[in-house]
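Here is the structure we will look at.
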Amino acid sequence: MNVTLRQLRAFHEVAKTQSFTLAAQNMGLTQSAVSMLIRQLETEYGMALFDRVQRSARLTEVGKHMLPVTARILEDLQQVYEGAADLKALKRGTLRIAVPQMLACSWLPPVIGKFTQLYPDVSLRVMDTTGDRIVSAITDNEAEIGIGPQRPTPEGISSELLWKEPIQVVLPRSLGLANAGEITWDRLTRENWIQYSDDFTLYLERSIWTSLPIPKTRMTSVRYLTTALAFVGNGMGITAAPKYARIFEDQFSVKFREVTGTRIEREFYIYARGNHHRSPVVDAFMSLLTSNPSLITPP
């Protein structure tokens, strides 16, 4: 295979801008030169990478598959170009991390604050998303590492346990149960449940509802835990959430309570590409966590 770096850069620029004209401007080339580079690349692969639609260029399915791989290659080469010595000394570089939204605004800030004190020249790129998107963010090269609840990992993705987080029930403050004595899971089957993650709902079914009646009342599904907490605070139902989210009790007018009986703990992992060496930035971040156990467990 005879693929050149210039062809890969042309492919990446056209994919990013969806325009041969804009890609040519970004690369300091003529439009015909960029078109020739793309044709050479398509000839090398024997497949079309773009659908030419009027004046735009849209990735084909093959092109979509190639884009994250190409982006990773170009980013690795860019890091080499910027200087291996500076990267090793952490005088530059970027920590690219994917974290669930609620964890990103509760646990992550003090951890990153400590990290930036030690390495002020390192940039930060946080992808705050849902727990279901953490692993795919690594496979799609949107982040170098991810921290989140346990999820199935495809081939090529490694996972390392960081901590086990207790799961508590979240109730509206106006609900009598919020200030009751002991709360058991069987009492909660009669409440309306707010779901915010398909995987977490399945986890509850496996760990709790297998021995109890599955809630028969109306279910409400949302995407983010913050939305679920807002719904609970407005009396629309109850939910379950990691204990670290309890710092938002006042903002959402909710009450976090432990449930008597079966104790549920959610395992949180750090995810990375298993077949790639970690960057010096990620090594430094991991070293910070392992040398400061108090930083790992959320408050």
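Among the residues in the range 109-117, are any in contact (Cβ under 8 Å) with a residue 24 or more places away in the chain, surrounded by fewer than 16 Cβ atoms within 10 Å (Cβ to Cβ) and within 20 Å of A284 (Cβ to Cβ)? Yes, the range 109-117 contains at least one residue that is in contact (Cβ under 8 Å) with a residue 24 or more places away in the chain, surrounded by fewer than 16 Cβ atoms within 10 Å (Cβ to Cβ) and within 20 Å of A284 (Cβ to Cβ).
The residues of the range 154-195 that are of a type in the set (V, I, T) and either modelled with pLDDT of 90 or more or surrounded by 16 or more Cβ atoms within 10 Å (Cβ to Cβ) (or both), listed by number, are I157, I167, V169, V170, I183, T189, I194. Candidates are the residues of the range 1-30 that are over 14 Å from R52 (Cα atoms) and among the polar types (S, T, N, Q); the one that is surrounded by the most Cβ atoms within 10 Å (Cβ to Cβ) is Q7. In contact with a Lys or Arg (Cβ under 9 Å, 6 or more places away or on another chain) and basic (K, R) - does that describe any residue in the range 262-270? Yes, the range 262-270 has at least one match.
Looking across the range 247-256 at every residue that is surrounded by fewer than 19 Cβ atoms within 10 Å (Cβ to Cβ) and under 30 Å from R206 (Cα atoms), the one that is modelled with the lowest pLDDT is identified as I247.
Applying a threshold of 9 Å to beta carbon distances and a minimum spacing of six or more residues, or different chains, the list of pairs starting in the range 135-159 at a residue that is on the phi > 0 side of the Ramachandran plot and ending at one that is of a type in the set (A, V, I, L, M, F, W, C) and surrounded by fewer than 17 Cβ atoms within 10 Å (Cβ to Cβ) reads N141/V69.
Can you name every residue in the range 235-289 that is assigned to a loop (DSSP other than H, G, I, E, B) and within 20 Å of D198 (Cα to Cα)?
Initial filter on the range 235-289 (assigned to a loop (DSSP other than H, G, I, E, B)): 235-237, 253, 258-259, 261-264, 274-279.
Within the range 235-289, M236, G237, I264 meet the criteria.
Scanning the range 38-65 for residues that are closer than 16 Å to T17 by Cα and of a type outside the set (G, A, S) yields a count of 12.
Can you say whether Y224 is at pLDDT 90 or above, within 30 Å of S123 (Cβ to Cβ) and either among the polar types (S, T, N, Q) or surrounded by 16 or more Cβ atoms within 10 Å (Cβ to Cβ) (or both), as far as the supplied structure shows? First the steps, then the outcome.
Values: at pLDDT 90 or above: no; within 30 Å of S123 (Cβ to Cβ): yes; either among the polar types (S, T, N, Q) or surrounded by 16 or more Cβ atoms within 10 Å (Cβ to Cβ) (or both): yes.
No.
If only residues of the range 260-297 that are touching a Ser or Thr at 6+ places or on another chain (Cβ under 9 Å) and modelled with pLDDT of 85 or more are counted, the one that is farthest from L171 (Cα to Cα) is V281.
Among the residues of the range 196-204, is there at least one that is at pLDDT below 90, of a type in the set (S, T, N, Q) and within 25 Å of Q101 (Cα to Cα)? Steps first, please.
Start the filter on the range 196-204 by keeping residues that are at pLDDT below 90, which leaves 196-204.
If we keep only those that are of a type in the set (S, T, N, Q) too, we end up with 197, 201.
Restricting the remaining residues to those that are within 25 Å of Q101 (Cα to Cα) gives 197, 201.
For the range 196-204, residues at pLDDT below 90, of a type in the set (S, T, N, Q) and within 25 Å of Q101 (Cα to Cα): present.
For the range 222-234, a tally of residues being of a type outside the set (G, A, S) and part of a helix (DSSP H, G or I) returns 6.
The values are calculated or read from the model by the stated rules, or taken from the named source; none is laboratory data. Keep in mind the model is a prediction, meaning the values are calculated, not measured. No Cβ is skipped: glycine too gets one built from the backbone with ideal geometry, and neighbour counts run over all protein chains shown.
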